[in-house]
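A quick write-up on the structure given underneath.
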Amino acid sequence: MSSLNRRQFLAGATALGLSSSLAVAPLWAQSRSSASSLQGGRLVVVFLRGAYDGLSAFVPYADPEYAQLRRATRIAAPDGTAQTALDLDGRFGMHPALSPLLPLWNSQQLAVIPAAGSPDPTRSHFEAQYMWEIGQTGRVASMPGWMNRLAGLDAAAVRDDLILGVGEANPAILAGPSKARLIPRGQAATNTGVLANERTRNALMDLYKGDDAIARGFREGSQSRMASARELAPADAAAMNTQMSQREAVAAAQRNMAGSVRPDGRLRNNVPDRQRRQVAYAAGSDAAMDAQAQSGMADMPDVKLADGRSYNAVLAAANNGAPSVQGLALDARHLATLMKNDPSLRLGFLSAGGWDTHANQGGVTGQLANNLGNLANALAVLREQFNQPGDLIMVMSEFGRTAAENGTGGTDHGHGNALWLIGDRVNGGRIHGQWNGLARGNLNENRDLPVLHDFRSVIAQGLRASFGLSDSRLAEVFPALRWDRQLDGLMRRSA
(Lines give C-alpha, C1' and ligand atoms only; values in the text may rest on other atoms or scores of the structure.)
Protein backbone atom coordinates (compact mmCIF):
# COMPACT_ATOMS: atom_id res chain seq x y z
CA MET A 1 0.00 0.00 0.00
CA SER A 2 2.88 2.37 0.65
CA SER A 3 3.63 2.56 -3.08
CA LEU A 4 0.04 3.61 -3.94
CA ASN A 5 -0.20 7.38 -4.11
CA ARG A 6 -3.34 9.49 -3.62
CA ARG A 7 -3.91 10.09 -7.34
CA GLN A 8 -3.66 6.33 -8.07
CA PHE A 9 -6.06 5.58 -5.24
CA LEU A 10 -8.63 8.12 -6.45
CA ALA A 11 -8.41 6.72 -9.96
CA GLY A 12 -8.91 3.19 -8.67
CA ALA A 13 -11.82 4.17 -6.46
CA THR A 14 -13.50 5.94 -9.37
CA ALA A 15 -13.02 2.89 -11.59
CA LEU A 16 -14.71 0.75 -8.95
CA GLY A 17 -17.58 3.23 -8.78
CA LEU A 18 -17.10 3.96 -5.07
CA SER A 19 -18.63 6.91 -3.30
CA SER A 20 -15.88 9.16 -2.05
CA SER A 21 -15.67 10.02 1.62
CA LEU A 22 -11.95 10.34 1.87
CA ALA A 23 -10.14 10.81 5.15
CA VAL A 24 -6.79 11.44 3.47
CA ALA A 25 -4.28 14.01 4.60
CA PRO A 26 -5.50 17.56 3.83
CA LEU A 27 -4.00 19.21 0.78
CA TRP A 28 -4.66 22.66 2.23
CA ALA A 29 -4.27 24.10 5.69
CA GLN A 30 -7.51 25.36 7.15
CA SER A 31 -8.18 26.84 10.57
CA ARG A 32 -11.11 25.43 12.53
CA SER A 33 -10.80 27.80 15.44
CA SER A 34 -13.99 29.56 16.56
CA ALA A 35 -15.98 27.27 14.27
CA SER A 36 -19.64 28.06 13.91
CA SER A 37 -22.50 25.71 13.04
CA LEU A 38 -24.27 25.23 9.72
CA GLN A 39 -27.22 23.51 11.39
CA GLY A 40 -29.53 26.49 10.85
CA GLY A 41 -29.85 25.94 7.12
CA ARG A 42 -29.17 23.79 4.07
CA LEU A 43 -27.73 24.85 0.72
CA VAL A 44 -28.06 23.15 -2.67
CA VAL A 45 -26.01 24.48 -5.59
CA VAL A 46 -27.04 23.56 -9.14
CA PHE A 47 -24.24 24.33 -11.60
CA LEU A 48 -25.14 24.51 -15.31
CA ARG A 49 -21.89 23.67 -17.07
CA GLY A 50 -21.43 25.10 -20.54
CA ALA A 51 -22.84 28.61 -19.93
CA TYR A 52 -26.62 28.64 -20.29
CA ASP A 53 -28.41 31.49 -22.07
CA GLY A 54 -29.91 33.62 -19.30
CA LEU A 55 -31.42 35.99 -21.84
CA SER A 56 -33.67 33.14 -22.99
CA ALA A 57 -34.47 31.88 -19.50
CA PHE A 58 -35.40 35.35 -18.23
CA VAL A 59 -36.31 37.33 -21.31
CA PRO A 60 -35.93 41.15 -21.30
CA TYR A 61 -38.81 41.41 -23.76
CA ALA A 62 -39.55 45.08 -22.98
CA ASP A 63 -36.07 46.13 -24.13
CA PRO A 64 -36.38 47.37 -27.73
CA GLU A 65 -32.93 46.00 -28.56
CA TYR A 66 -33.89 42.42 -27.71
CA ALA A 67 -35.97 41.76 -30.83
CA GLN A 68 -33.19 43.20 -32.99
CA LEU A 69 -30.51 41.01 -31.43
CA ARG A 70 -32.51 37.78 -31.41
CA ARG A 71 -34.44 36.30 -34.34
CA ALA A 72 -34.24 32.50 -34.50
CA THR A 73 -33.70 32.30 -30.73
CA ARG A 74 -36.14 35.04 -29.73
CA ILE A 75 -38.84 34.38 -27.15
CA ALA A 76 -41.81 36.60 -28.02
CA ALA A 77 -43.30 39.07 -25.55
CA PRO A 78 -46.08 37.65 -23.38
CA ASP A 79 -49.53 37.36 -24.95
CA GLY A 80 -50.99 34.70 -22.68
CA THR A 81 -50.22 31.75 -24.94
CA ALA A 82 -47.75 28.90 -24.72
CA GLN A 83 -45.71 30.33 -27.60
CA THR A 84 -44.53 33.39 -25.66
CA ALA A 85 -42.71 34.35 -22.48
CA LEU A 86 -44.49 34.20 -19.12
CA ASP A 87 -44.70 37.75 -17.80
CA LEU A 88 -42.87 38.41 -14.54
CA ASP A 89 -42.81 42.16 -13.92
CA GLY A 90 -43.64 44.02 -17.12
CA ARG A 91 -39.97 44.02 -18.19
CA PHE A 92 -38.85 40.41 -17.96
CA GLY A 93 -40.59 37.19 -18.88
CA MET A 94 -39.82 33.57 -18.03
CA HIS A 95 -39.21 31.03 -20.80
CA PRO A 96 -42.42 28.98 -21.14
CA ALA A 97 -40.46 25.76 -20.56
CA LEU A 98 -39.82 27.03 -17.02
CA SER A 99 -43.55 27.25 -16.27
CA PRO A 100 -43.34 24.68 -13.42
CA LEU A 101 -41.37 27.36 -11.53
CA LEU A 102 -43.86 30.19 -12.07
CA PRO A 103 -45.68 29.35 -8.80
CA LEU A 104 -42.38 29.90 -6.96
CA TRP A 105 -42.10 33.35 -8.52
CA ASN A 106 -45.72 34.19 -7.72
CA SER A 107 -45.30 33.05 -4.10
CA GLN A 108 -42.14 35.17 -3.80
CA GLN A 109 -39.76 32.24 -3.33
CA LEU A 110 -37.75 32.73 -6.56
CA ALA A 111 -35.55 35.74 -7.30
CA VAL A 112 -33.22 36.52 -10.20
CA ILE A 113 -30.13 38.72 -10.52
CA PRO A 114 -29.94 39.15 -14.32
CA ALA A 115 -26.42 40.56 -14.70
CA ALA A 116 -24.19 38.66 -12.27
CA GLY A 117 -20.99 36.71 -12.78
CA SER A 118 -17.25 36.66 -12.42
CA PRO A 119 -15.34 39.90 -13.03
CA ASP A 120 -12.62 37.90 -14.79
CA PRO A 121 -12.86 38.41 -18.58
CA THR A 122 -12.07 34.82 -19.58
CA ARG A 123 -14.32 33.11 -22.11
CA SER A 124 -12.82 29.68 -21.41
CA HIS A 125 -15.29 27.25 -19.88
CA PHE A 126 -12.58 25.47 -17.91
CA GLU A 127 -10.96 28.59 -16.50
CA ALA A 128 -14.27 30.21 -15.63
CA GLN A 129 -15.76 27.10 -14.04
CA TYR A 130 -12.67 26.65 -11.88
CA MET A 131 -12.82 30.28 -10.71
CA TRP A 132 -16.47 29.92 -9.77
CA GLU A 133 -15.76 26.68 -7.94
CA ILE A 134 -12.87 27.97 -5.84
CA GLY A 135 -14.43 31.41 -5.40
CA GLN A 136 -11.40 33.28 -6.71
CA THR A 137 -10.59 35.04 -9.97
CA GLY A 138 -7.43 35.25 -12.03
CA ARG A 139 -4.64 32.70 -12.01
CA VAL A 140 -4.82 31.07 -8.60
CA ALA A 141 -2.79 28.19 -7.18
CA SER A 142 -4.67 25.06 -6.18
CA MET A 143 -7.02 25.69 -3.28
CA PRO A 144 -10.18 24.19 -1.76
CA GLY A 145 -13.55 24.71 -3.37
CA TRP A 146 -15.70 27.35 -1.71
CA MET A 147 -18.33 24.81 -0.60
CA ASN A 148 -15.57 22.81 1.11
CA ARG A 149 -14.38 25.96 2.86
CA LEU A 150 -17.97 26.63 3.92
CA ALA A 151 -18.22 23.14 5.42
CA GLY A 152 -14.97 23.76 7.28
CA LEU A 153 -16.60 26.54 9.28
CA ASP A 154 -18.57 23.91 11.19
CA ALA A 155 -16.68 22.01 13.89
CA ALA A 156 -18.68 18.90 12.97
CA ALA A 157 -16.79 18.73 9.65
CA VAL A 158 -13.91 17.08 11.56
CA ARG A 159 -15.98 13.92 12.12
CA ASP A 160 -19.06 14.13 9.85
CA ASP A 161 -19.78 14.42 6.15
CA LEU A 162 -21.49 17.78 5.73
CA ILE A 163 -21.27 17.81 1.93
CA LEU A 164 -23.06 15.63 -0.61
CA GLY A 165 -22.32 15.70 -4.34
CA VAL A 166 -24.39 13.76 -6.86
CA GLY A 167 -23.33 13.14 -10.45
CA GLU A 168 -19.71 14.25 -10.82
CA ALA A 169 -16.68 12.20 -9.83
CA ASN A 170 -14.59 14.94 -8.21
CA PRO A 171 -15.90 18.52 -8.66
CA ALA A 172 -13.47 21.26 -7.67
CA ILE A 173 -16.16 23.10 -5.72
CA LEU A 174 -16.23 20.25 -3.16
CA ALA A 175 -12.49 19.49 -3.05
CA GLY A 176 -10.53 20.22 0.12
CA PRO A 177 -9.87 19.08 3.69
CA SER A 178 -13.52 18.65 4.72
CA LYS A 179 -14.91 15.26 3.75
CA ALA A 180 -17.43 15.13 0.90
CA ARG A 181 -19.74 12.23 0.15
CA LEU A 182 -19.94 11.69 -3.62
CA ILE A 183 -22.68 9.63 -5.27
CA PRO A 184 -22.75 8.51 -8.92
CA ARG A 185 -25.28 9.93 -11.36
CA GLY A 186 -28.60 8.37 -12.23
CA GLN A 187 -29.38 4.71 -11.68
CA ALA A 188 -25.71 3.97 -10.94
CA ALA A 189 -26.32 5.42 -7.47
CA THR A 190 -28.54 2.43 -6.63
CA ASN A 191 -25.98 -0.08 -7.90
CA THR A 192 -23.16 -1.24 -5.65
CA GLY A 193 -21.06 -2.36 -8.62
CA VAL A 194 -18.37 -4.92 -7.86
CA LEU A 195 -19.16 -4.60 -4.16
CA ALA A 196 -22.37 -6.55 -4.75
CA ASN A 197 -20.28 -9.70 -5.14
CA GLU A 198 -19.47 -10.95 -1.64
CA ARG A 199 -16.22 -12.67 -2.62
CA THR A 200 -14.96 -9.60 -4.45
CA ARG A 201 -16.03 -7.32 -1.61
CA ASN A 202 -14.27 -9.44 1.00
CA ALA A 203 -11.12 -9.60 -1.11
CA LEU A 204 -11.07 -5.82 -1.50
CA MET A 205 -11.69 -5.26 2.20
CA ASP A 206 -8.85 -7.64 3.00
CA LEU A 207 -6.58 -5.75 0.61
CA TYR A 208 -7.46 -2.42 2.24
CA LYS A 209 -7.54 -3.57 5.87
CA GLY A 210 -4.63 -1.43 6.97
CA ASP A 211 -4.84 1.66 9.16
CA ASP A 212 -3.27 4.09 6.71
CA ALA A 213 -5.31 6.97 5.27
CA ILE A 214 -5.81 5.33 1.87
CA ALA A 215 -7.12 2.09 3.38
CA ARG A 216 -9.46 3.95 5.72
CA GLY A 217 -10.69 6.07 2.82
CA PHE A 218 -11.39 2.98 0.71
CA ARG A 219 -13.37 1.32 3.46
CA GLU A 220 -15.39 4.46 4.16
CA GLY A 221 -16.12 4.91 0.47
CA SER A 222 -17.22 1.29 0.11
CA GLN A 223 -19.52 1.47 3.10
CA SER A 224 -20.96 4.77 1.89
CA ARG A 225 -21.63 3.35 -1.58
CA MET A 226 -23.49 0.32 -0.22
CA ALA A 227 -25.45 2.39 2.31
CA SER A 228 -26.48 4.93 -0.33
CA ALA A 229 -27.64 2.21 -2.70
CA ARG A 230 -29.79 0.68 0.04
CA GLU A 231 -31.34 4.08 0.84
CA LEU A 232 -32.05 5.06 -2.74
CA ALA A 233 -33.48 1.83 -4.14
CA PRO A 234 -36.90 2.18 -2.39
CA ALA A 235 -37.14 5.86 -3.35
CA ASP A 236 -36.46 5.04 -6.98
CA ALA A 237 -39.11 2.34 -6.98
CA ALA A 238 -41.68 4.81 -5.63
CA ALA A 239 -40.69 7.34 -8.31
CA MET A 240 -41.35 4.90 -11.13
CA ASN A 241 -45.12 5.50 -10.95
CA THR A 242 -44.56 9.24 -11.28
CA GLN A 243 -42.30 8.75 -14.29
CA MET A 244 -44.88 6.52 -15.96
CA SER A 245 -47.55 9.17 -15.41
CA GLN A 246 -45.29 11.80 -16.97
CA ARG A 247 -44.69 9.61 -20.04
CA GLU A 248 -48.43 9.08 -20.39
CA ALA A 249 -49.00 12.84 -20.21
CA VAL A 250 -46.44 13.47 -22.97
CA ALA A 251 -48.04 10.79 -25.13
CA ALA A 252 -51.45 12.39 -24.62
CA ALA A 253 -50.07 15.79 -25.56
CA GLN A 254 -48.56 14.36 -28.72
CA ARG A 255 -51.92 12.81 -29.65
CA ASN A 256 -53.54 16.21 -29.19
CA MET A 257 -51.21 17.74 -31.74
CA ALA A 258 -53.07 16.30 -34.74
CA GLY A 259 -56.22 18.27 -33.95
CA SER A 260 -54.50 21.32 -32.46
CA VAL A 261 -52.02 22.34 -35.15
CA ARG A 262 -53.05 23.93 -38.44
CA PRO A 263 -51.47 22.90 -41.77
CA ASP A 264 -49.17 25.94 -41.57
CA GLY A 265 -47.76 24.70 -38.25
CA ARG A 266 -49.47 27.28 -36.01
CA LEU A 267 -51.82 26.40 -33.17
CA ARG A 268 -55.54 26.74 -33.84
CA ASN A 269 -57.18 29.72 -32.12
CA ASN A 270 -59.74 27.62 -30.22
CA VAL A 271 -57.18 25.48 -28.39
CA PRO A 272 -57.34 25.96 -24.58
CA ASP A 273 -54.22 27.52 -23.05
CA ARG A 274 -53.35 24.43 -20.96
CA GLN A 275 -53.47 22.27 -24.06
CA ARG A 276 -51.39 24.84 -25.93
CA ARG A 277 -48.60 24.40 -23.38
CA GLN A 278 -48.79 20.63 -23.62
CA VAL A 279 -48.64 20.79 -27.41
CA ALA A 280 -45.71 23.21 -27.34
CA TYR A 281 -43.64 20.91 -25.12
CA ALA A 282 -44.61 17.82 -27.09
CA ALA A 283 -43.57 19.57 -30.30
CA GLY A 284 -40.15 20.10 -28.78
CA SER A 285 -39.82 16.37 -28.05
CA ASP A 286 -39.07 15.45 -31.66
CA ALA A 287 -37.10 12.38 -32.70
CA ALA A 288 -33.75 14.06 -32.20
CA MET A 289 -34.60 15.10 -28.65
CA ASP A 290 -36.06 11.70 -27.82
CA ALA A 291 -32.73 10.20 -28.83
CA GLN A 292 -30.96 12.84 -26.78
CA ALA A 293 -32.97 11.85 -23.70
CA GLN A 294 -31.89 8.23 -24.16
CA SER A 295 -28.21 8.81 -24.79
CA GLY A 296 -27.50 12.11 -23.06
CA MET A 297 -26.04 13.53 -26.28
CA ALA A 298 -27.82 15.27 -29.12
CA ASP A 299 -28.42 12.71 -31.88
CA MET A 300 -28.49 15.23 -34.67
CA PRO A 301 -26.20 16.14 -37.58
CA ASP A 302 -23.05 17.87 -36.39
CA VAL A 303 -22.49 21.54 -37.20
CA LYS A 304 -19.18 23.13 -38.06
CA LEU A 305 -18.70 26.33 -36.08
CA ALA A 306 -17.18 29.47 -37.57
CA ASP A 307 -13.72 28.42 -36.40
CA GLY A 308 -14.09 24.96 -37.97
CA ARG A 309 -14.62 23.02 -34.76
CA SER A 310 -17.25 20.31 -34.35
CA TYR A 311 -20.21 21.61 -32.35
CA ASN A 312 -20.89 18.26 -30.70
CA ALA A 313 -17.25 18.00 -29.62
CA VAL A 314 -17.31 21.53 -28.21
CA LEU A 315 -20.54 20.78 -26.32
CA ALA A 316 -19.10 17.62 -24.77
CA ALA A 317 -15.93 19.43 -23.69
CA ALA A 318 -17.86 22.29 -22.10
CA ASN A 319 -19.76 19.80 -19.93
CA ASN A 320 -16.50 19.13 -18.08
CA GLY A 321 -17.71 15.84 -16.62
CA ALA A 322 -21.22 17.00 -15.74
CA PRO A 323 -24.06 14.58 -16.43
CA SER A 324 -26.81 15.31 -18.94
CA VAL A 325 -29.62 17.59 -17.81
CA GLN A 326 -32.08 14.84 -18.82
CA GLY A 327 -31.15 12.96 -15.64
CA LEU A 328 -31.08 15.96 -13.33
CA ALA A 329 -34.50 15.31 -11.76
CA LEU A 330 -33.43 11.79 -10.73
CA ASP A 331 -30.16 13.11 -9.31
CA ALA A 332 -32.16 15.77 -7.44
CA ARG A 333 -34.39 13.09 -5.91
CA HIS A 334 -31.32 11.10 -4.86
CA LEU A 335 -29.73 14.15 -3.26
CA ALA A 336 -32.95 15.06 -1.44
CA THR A 337 -33.44 11.51 -0.15
CA LEU A 338 -29.92 11.20 1.22
CA MET A 339 -29.91 14.65 2.81
CA LYS A 340 -33.29 13.98 4.40
CA ASN A 341 -32.10 10.65 5.82
CA ASP A 342 -28.86 12.12 7.15
CA PRO A 343 -29.43 15.48 8.89
CA SER A 344 -25.68 16.04 9.21
CA LEU A 345 -25.55 16.69 5.44
CA ARG A 346 -26.02 20.45 5.09
CA LEU A 347 -24.53 21.22 1.66
CA GLY A 348 -25.56 19.61 -1.63
CA PHE A 349 -24.14 19.92 -5.14
CA LEU A 350 -25.64 18.99 -8.51
CA SER A 351 -24.51 19.80 -12.02
CA ALA A 352 -25.84 19.42 -15.55
CA GLY A 353 -24.21 19.79 -18.96
CA GLY A 354 -25.53 20.56 -22.42
CA TRP A 355 -25.77 24.36 -22.21
CA ASP A 356 -23.07 25.44 -24.69
CA THR A 357 -25.60 26.25 -27.42
CA HIS A 358 -23.42 27.56 -30.27
CA ALA A 359 -25.80 26.06 -32.85
CA ASN A 360 -29.46 25.05 -33.16
CA GLN A 361 -30.34 26.66 -29.83
CA GLY A 362 -34.02 27.06 -30.66
CA GLY A 363 -36.56 29.41 -29.17
CA VAL A 364 -39.83 28.43 -27.52
CA THR A 365 -39.11 24.82 -28.52
CA GLY A 366 -35.90 23.03 -29.40
CA GLN A 367 -32.60 22.25 -27.74
CA LEU A 368 -32.50 24.95 -25.05
CA ALA A 369 -36.23 24.68 -24.34
CA ASN A 370 -35.84 20.97 -23.65
CA ASN A 371 -32.92 21.64 -21.33
CA LEU A 372 -34.86 24.32 -19.45
CA GLY A 373 -37.85 22.02 -19.11
CA ASN A 374 -35.68 19.32 -17.55
CA LEU A 375 -34.06 21.89 -15.28
CA ALA A 376 -37.46 23.18 -14.16
CA ASN A 377 -38.62 19.68 -13.27
CA ALA A 378 -35.46 19.09 -11.22
CA LEU A 379 -35.80 22.39 -9.37
CA ALA A 380 -39.43 21.64 -8.60
CA VAL A 381 -38.29 18.33 -7.05
CA LEU A 382 -35.67 20.14 -4.98
CA ARG A 383 -38.01 22.84 -3.74
CA GLU A 384 -40.60 20.26 -2.71
CA GLN A 385 -38.02 18.58 -0.49
CA PHE A 386 -35.95 21.60 0.58
CA ASN A 387 -38.78 23.69 1.98
CA GLN A 388 -37.62 24.62 5.47
CA PRO A 389 -36.97 28.30 6.41
CA GLY A 390 -33.18 28.00 6.19
CA ASP A 391 -33.11 25.98 2.95
CA LEU A 392 -31.64 27.72 -0.10
CA ILE A 393 -31.23 26.59 -3.73
CA MET A 394 -28.88 28.47 -6.06
CA VAL A 395 -28.64 28.06 -9.84
CA MET A 396 -25.47 29.31 -11.52
CA SER A 397 -23.30 28.99 -14.62
CA GLU A 398 -19.74 30.04 -15.49
CA PHE A 399 -20.77 32.91 -17.79
CA GLY A 400 -23.59 33.92 -20.12
CA ARG A 401 -24.07 34.04 -23.89
CA THR A 402 -23.72 36.84 -26.42
CA ALA A 403 -26.62 39.27 -26.61
CA ALA A 404 -26.86 38.72 -30.37
CA GLU A 405 -27.32 35.29 -31.88
CA ASN A 406 -24.79 33.92 -34.37
CA GLY A 407 -25.09 32.57 -37.90
CA THR A 408 -25.72 28.95 -36.86
CA GLY A 409 -28.87 29.61 -34.89
CA GLY A 410 -27.10 29.75 -31.55
CA THR A 411 -25.23 32.08 -29.21
CA ASP A 412 -21.55 32.31 -28.31
CA HIS A 413 -19.59 32.73 -25.09
CA GLY A 414 -20.60 35.85 -23.18
CA HIS A 415 -19.90 37.43 -19.80
CA GLY A 416 -22.69 38.37 -17.35
CA ASN A 417 -25.61 36.04 -16.73
CA ALA A 418 -28.70 35.45 -14.61
CA LEU A 419 -28.13 33.85 -11.19
CA TRP A 420 -31.19 32.45 -9.38
CA LEU A 421 -32.07 31.89 -5.74
CA ILE A 422 -34.99 29.84 -4.40
CA GLY A 423 -36.10 29.60 -0.77
CA ASP A 424 -38.31 30.94 2.01
CA ARG A 425 -35.81 33.63 2.96
CA VAL A 426 -35.40 34.81 -0.62
CA ASN A 427 -37.17 38.10 -1.31
CA GLY A 428 -38.65 36.55 -4.42
CA GLY A 429 -41.05 37.60 -7.13
CA ARG A 430 -38.55 40.32 -8.02
CA ILE A 431 -35.66 41.02 -10.36
CA HIS A 432 -32.80 42.20 -8.16
CA GLY A 433 -29.70 44.23 -8.81
CA GLN A 434 -28.68 46.59 -11.54
CA TRP A 435 -29.89 46.24 -15.14
CA ASN A 436 -28.63 48.60 -17.85
CA GLY A 437 -30.40 47.10 -20.85
CA LEU A 438 -29.14 45.74 -24.16
CA ALA A 439 -28.13 48.91 -25.98
CA ARG A 440 -24.72 48.37 -27.59
CA GLY A 441 -23.03 50.94 -25.40
CA ASN A 442 -24.21 49.15 -22.26
CA LEU A 443 -22.83 45.76 -23.29
CA ASN A 444 -19.49 44.27 -22.29
CA GLU A 445 -17.14 44.70 -25.25
CA ASN A 446 -20.24 45.74 -27.23
CA ARG A 447 -21.39 42.11 -27.35
CA ASP A 448 -22.61 40.60 -24.07
CA LEU A 449 -24.10 41.43 -20.69
CA PRO A 450 -21.72 43.10 -18.28
CA VAL A 451 -21.10 41.68 -14.82
CA LEU A 452 -22.78 44.23 -12.60
CA HIS A 453 -22.74 42.03 -9.48
CA ASP A 454 -19.92 39.69 -8.46
CA PHE A 455 -21.20 36.12 -8.05
CA ARG A 456 -19.50 35.90 -4.65
CA SER A 457 -21.49 38.88 -3.41
CA VAL A 458 -24.72 37.21 -4.48
CA ILE A 459 -23.79 33.93 -2.79
CA ALA A 460 -22.71 35.76 0.36
CA GLN A 461 -26.16 37.29 0.73
CA GLY A 462 -27.66 33.81 0.69
CA LEU A 463 -25.10 32.36 3.10
CA ARG A 464 -25.70 35.11 5.62
CA ALA A 465 -29.47 34.62 5.48
CA SER A 466 -29.37 30.80 5.66
CA PHE A 467 -26.48 30.22 8.07
CA GLY A 468 -26.14 33.55 9.88
CA LEU A 469 -22.49 33.95 8.88
CA SER A 470 -20.61 36.98 10.16
CA ASP A 471 -18.33 39.15 8.04
CA SER A 472 -15.27 37.27 9.27
CA ARG A 473 -16.84 33.90 8.46
CA LEU A 474 -17.87 35.03 4.99
CA ALA A 475 -14.29 36.21 4.45
CA GLU A 476 -13.09 32.66 5.15
CA VAL A 477 -15.36 31.34 2.41
CA PHE A 478 -14.61 34.17 -0.05
CA PRO A 479 -11.34 35.91 0.89
CA ALA A 480 -11.73 38.58 -1.81
CA LEU A 481 -15.38 39.31 -0.98
CA ARG A 482 -16.72 42.84 -1.19
CA TRP A 483 -20.19 43.25 0.26
CA ASP A 484 -22.59 44.55 -2.38
CA ARG A 485 -25.13 46.86 -0.75
CA GLN A 486 -27.14 47.02 -3.98
CA LEU A 487 -28.21 43.47 -3.18
CA ASP A 488 -29.25 44.09 0.44
CA GLY A 489 -32.90 43.55 -0.46
CA LEU A 490 -32.27 40.14 -2.00
CA MET A 491 -32.90 38.14 1.18
CA ARG A 492 -35.45 38.53 3.92
CA ARG A 493 -34.26 38.97 7.46
CA SER A 494 -34.69 35.81 9.50
CA ALA A 495 -36.93 36.03 12.54
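Counting protein heavy atoms only, region 314-376 has 51 percent of its accessible area on carbon and sulfur, 1.4 angstrom probe.
Residues with beta-carbon under 9 Å from that of Gly41, excluding Gly41: net charge, scoring Lys, Arg +1 and Asp, Glu -1?
Working: positive: Arg42, Arg346, Arg425; negative: Asp391.
Net charge in that neighbourhood comes out at +2.
Annotation: amide H of Ala359 within the under-5 Å range of Thr411, sequence separation 5 or more or interchain, hydrogens built in the peptide plane.
What is the percent carbon and sulfur in the accessible area of region 402-467, measuring with a 1.4 Å probe over the protein chains and ignoring ligands?
Working: 720 of 1960 Å².
With neighbouring chains kept in place, the figure for region 402-467 is 37 percent.
Between Glu384 and Arg492, the simple spin-label model (points 7 angstrom out along Cα→Cβ) gives 2.3 nm. Scalar couplings 3J(HN,Hα) for region 463-480, obtained by applying the Karplus form with A = 6.51, B = -1.76, C = 1.60 to θ = phi - 60°, are 5, 5, 5, 7, 10, x, 6, 6, 4, 5, 5, 4, 5, 6, 7, 10, x, 9 Hz; x denotes Gly and Pro. Applying both filters, DSSP loop and at most 14 other Cβ atoms within 10 Å, to the GluC sites (Glu not before Pro) of region 374-452 gives Glu445.
3J(HN,Hα) along region 178-188: 6, 5, 10, 8, 10, 10, x, 6, x, 5, 4 Hz, from the Karplus curve 6.51 cos²θ - 1.76 cosθ + 1.60 with θ = phi - 60°, whole Hz, x for Gly and Pro.
Amide H contacts of Gly348: Leu43, Val44, Val45, Leu164, each under 5 Å away and 5 or more positions distant or on a separate chain (H built 1.01 Å from N in the peptide plane; Pro and chain starts excluded). Extension gain, Asn341 to Ala313, is 6.2 nm, computed as 0.36 nm per intervening residue step minus the present C-alpha separation. Scanning residues 5 or more positions from Asp448 or on other chains, those with amide H under 5 Å from its amide H are Ala403, with H placed 1.01 Å from N in the peptide plane.
Tell me the per residue accessible area of region 388-495 using a 1.4 Å probe; a whole number in Å² is fine.
Values: 4030 Å² over 108 residues.
Counting only protein heavy atoms, the per-residue value for region 388-495 is 37 Å².
The values are calculated or read from the model by the stated rules, or taken from the named source; none is laboratory data. What you see is a predicted model; the values in this text were computed from it and never measured. Cβ: placed from backbone, ideal geometry, glycine included. Neighbour counts: every protein chain shown. In case anyone asks, the SASA skips ligands and DNA or RNA and just uses the protein heavy atoms, side chains included. Shrake-Rupley method; radii C 1.70, N 1.55, O 1.52, S 1.80 Å.
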